[in-house]
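A short worksheet on the structure shown next.
The values are calculated or read from the model by the stated rules, or taken from the named source; none is laboratory data. Note that the structure is a prediction, hence the values are computed from the model and not measured. With ideal geometry, Cβ positions are generated from the backbone for all residues, glycine too; neighbour counts draw on all protein chains shown.
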Amino acid sequence: MHIITIGGATIDIVVSGSRLSTISGNKQEVESITMGIGGGAVNASLAFQACDANVRIVCALGCDTESLWLRTALQRESIDLSLIQSVADQPTGKSVVFLDGSEAHVFAQRGASTHVAPARVVDAAGCTDLLYVTALSPAAELEFSTALQYRSSHFPLIAINPGMRQLATASSAGEYLLSQANLICFNEAEARMLAAKLGGQIPSDILKDGAPWMNDIRLHSSQAMLVTLGSKGALFHDGYEIHFMPAEHVSVESTLGAGDAFGATLAFYWAKGYPATAALDAARAYCAKVLQTITANLAGSKHTDLQS
């Protein structure tokens, strides 16, 4: 299966082993400082690669040492780098993440990552089965929505994981992208925001009565929708009916990249035509591995049980 991912790419520096509330102005001893790679497009690419897909990534990096390190890390994971863009006057995006118990405090400098130009994907997507779009900057969102209006009739399936900023902004470009998606992936907060934007409301008990509200926020009759619920599990509307999958309870090291891991893995099996329960089960299994690592790129396991 051939997949293109679009979106953010960053170097992540993850600090764990100390409480943020106890830090003073002095040097602090911590349990670990881990350097990894992240961003929506990177996390999704790693999940797809773990499914044995052929993955090309569309992201923007600076022309600096960090970009070389990130490229090397992606290449080591057998991800195609031919569509990566270089931005001369911007640094490669970076995040410093402080893990404070079960919470992550993120300090981000997105840099070149916000300058990704996704229009070229429309021309490059001819032999692609699935296009997986993570959070985009306003400029990239507008460029991509314009380019999509001129796509061919044989365009691949589109899965979108938009992020809170895009939903809060509710631009016409963003609304158009969501309306064109074959699959939308949200977390609970994002689903609640979309429902509010559409003039509705999701009940406080999101699972009540089998979650019929999912029918109200889908933007066309055949659209599939995933809503991840953290420790409660996930809901998936496959375009026909609603499915619930409880979470697999594991010892959590970090939630970094877990939502991307679940969404991308489900998108892979959904696009291949697997039953909804099988797609959800595979997504849950890979997400559990990601939750037990500091960063998603350390999960490094392939799904062999569902391959045909």
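Restricting attention to the stretch 119-139, and to residues there that are within 16 Å of the chain's Cα centre (by Cα) and touching a residue at least 40 places away in the same chain (Cβ under 8 Å), which single residue is surrounded by the fewest Cβ atoms within 10 Å (Cβ to Cβ)? Don't jump to the end; show me each part of the working.
Step one: of the stretch 119-139, the residues within 16 Å of the chain's Cα centre (by Cα) are 130-137.
Pick out the ones that are also touching a residue at least 40 places away in the same chain (Cβ under 8 Å) and you get 130-136.
Working: 130: 25, 131: 28, 132: 32, 133: 28, 134: 28, 135: 21, 136: 28.
Per the stated criteria, the residue is 135.
All but one of (1) over 23 Å from residue 1 (Cβ atoms); (2) within 18 Å of the chain's Cα centre (by Cα) hold for residue 157; state the number of the condition that does not hold.
(1)
Which of the following residues is closer than 30 Å to residue 92 by Cα, surrounded by fewer than 16 Cβ atoms within 10 Å (Cβ to Cβ), within 20 Å of the chain's Cα centre (by Cα) and modelled with pLDDT of 95 or more: 189, 170? Don't jump to the end; show me each part of the working.
Values: 170 fails: modelled with pLDDT of 95 or more.
Only one candidate qualifies: 189.
Give the stretch 94-118 a look and list any residue that's under 19 Å from the mean Cα position of the chain (by Cα), in a strand (DSSP E or B) and under 18 Å from residue 259 (Cβ atoms), or say none. Reasoning before the result, please.
So in the stretch 94-118, the residues under 19 Å from the mean Cα position of the chain (by Cα) come out as 94-97, 103-118.
Now drop any that are not in a strand (DSSP E or B), which leaves 94-97, 103-109.
Answer for the stretch 94-118, where residues must be under 19 Å from the mean Cα position of the chain (by Cα), in a strand (DSSP E or B) and under 18 Å from residue 259 (Cβ atoms): 95, 97, 103, 104, 105, 106, 108.
Enumerate the pairs (first residue in the stretch 222-243 and surrounded by fewer than 17 Cβ atoms within 10 Å (Cβ to Cβ) and hydroxyl-bearing (Ser, Thr, Tyr); second residue anywhere and at pLDDT below 95 and in a loop (DSSP other than H, G, I, E, B)) with beta-carbon separation below 6 Å, excluding pairs fewer than 6 apart on the same chain, so at least 6 apart or on different chains.
So the pair list comes out as 231/247.
In the stretch 85-108, which residue that is among the aliphatic types (A, V, I, L, M) and buried (at least 16 other Cβ atoms within 10 Å of the Cβ) is farthest from residue 140 (Cα to Cα)? Can you show your working first?
We begin by selecting, within the stretch 85-108, every residue among the aliphatic types (A, V, I, L, M); these are 87-88, 96-97, 99, 104, 106, 108.
Still in the list and also buried (at least 16 other Cβ atoms within 10 Å of the Cβ): 87, 97, 99, 108.
On the way: 87: 14, 97: 25, 99: 30, 108: 19 Å.
If we take residues in the stretch 85-108 being among the aliphatic types (A, V, I, L, M) and buried (at least 16 other Cβ atoms within 10 Å of the Cβ), then 99 is farthest from residue 140 (Cα to Cα).
I'm trying to understand the selection: among the residues of the stretch 213-228, which are over 15 Å from residue 193 (Cβ atoms) and aliphatic (A, V, I, L, M)?
224, 226
Which of the numbered conditions does residue 175 fail, given that it passes all the others? Conditions: (1) in contact (Cβ under 8 Å) with a residue 12 or more places away in the chain; (2) out of contact with any strand residue (DSSP E or B) (no Cβ under 9 Å at 6 or more places or on another chain); (3) surrounded by 13 or more Cβ atoms within 10 Å (Cβ to Cβ).
It fails just one condition, (1).
Within the stretch 260-272, can one find any residue that is modelled with pLDDT of 95 or more and not in a helix (DSSP H, G or I)?
Yes - at least one qualifying residue is present in the stretch 260-272.
Kindly check whether there is at least one residue in the stretch 245-259 that is modelled with pLDDT of 95 or more, touching a Phe, Trp or Tyr at 6+ places or on another chain (Cβ under 6 Å) and surrounded by 14 or more Cβ atoms within 10 Å (Cβ to Cβ). Before the answer, list the steps.
Residues of the stretch 245-259 modelled with pLDDT of 95 or more: 245-246.
This time we only want the ones that are touching a Phe, Trp or Tyr at 6+ places or on another chain (Cβ under 6 Å), so: none.
Within the stretch 245-259, not a single residue is modelled with pLDDT of 95 or more, touching a Phe, Trp or Tyr at 6+ places or on another chain (Cβ under 6 Å) and surrounded by 14 or more Cβ atoms within 10 Å (Cβ to Cβ).
Scanning the stretch 178-191 for residues that are outside any strand (DSSP E or B), among the aliphatic types (A, V, I, L, M) and in contact with a strand residue (DSSP E or B) (Cβ under 8 Å, 6 or more places away or on another chain), which turns out nearest to residue 131 (Cα to Cα)?
Our first condition is that a residue be outside any strand (DSSP E or B); within the stretch 178-191, this holds for 178-182, 188-191.
Then keep just the ones that are among the aliphatic types (A, V, I, L, M); that gives 178, 181, 189, 191.
Remaining after also requiring in contact with a strand residue (DSSP E or B) (Cβ under 8 Å, 6 or more places away or on another chain): 178, 181, 191.
Values: 178: 13, 181: 10, 191: 21 Å.
Checked the stretch 178-191; the qualifying residue nearest to residue 131 (Cα to Cα) is 181.
Can you tell me which residues in the stretch 23-63 are crowded, with 17+ Cβ neighbours inside 10 Å and part of a loop (DSSP other than H, G, I, E, B)?
Selection gives 39, 51, 53, 59.
If I ask for residues that are in a helix (DSSP H, G or I), at pLDDT below 90 and buried (at least 17 other Cβ atoms within 10 Å of the Cβ), which ones from the stretch 140-166 would you list?
166
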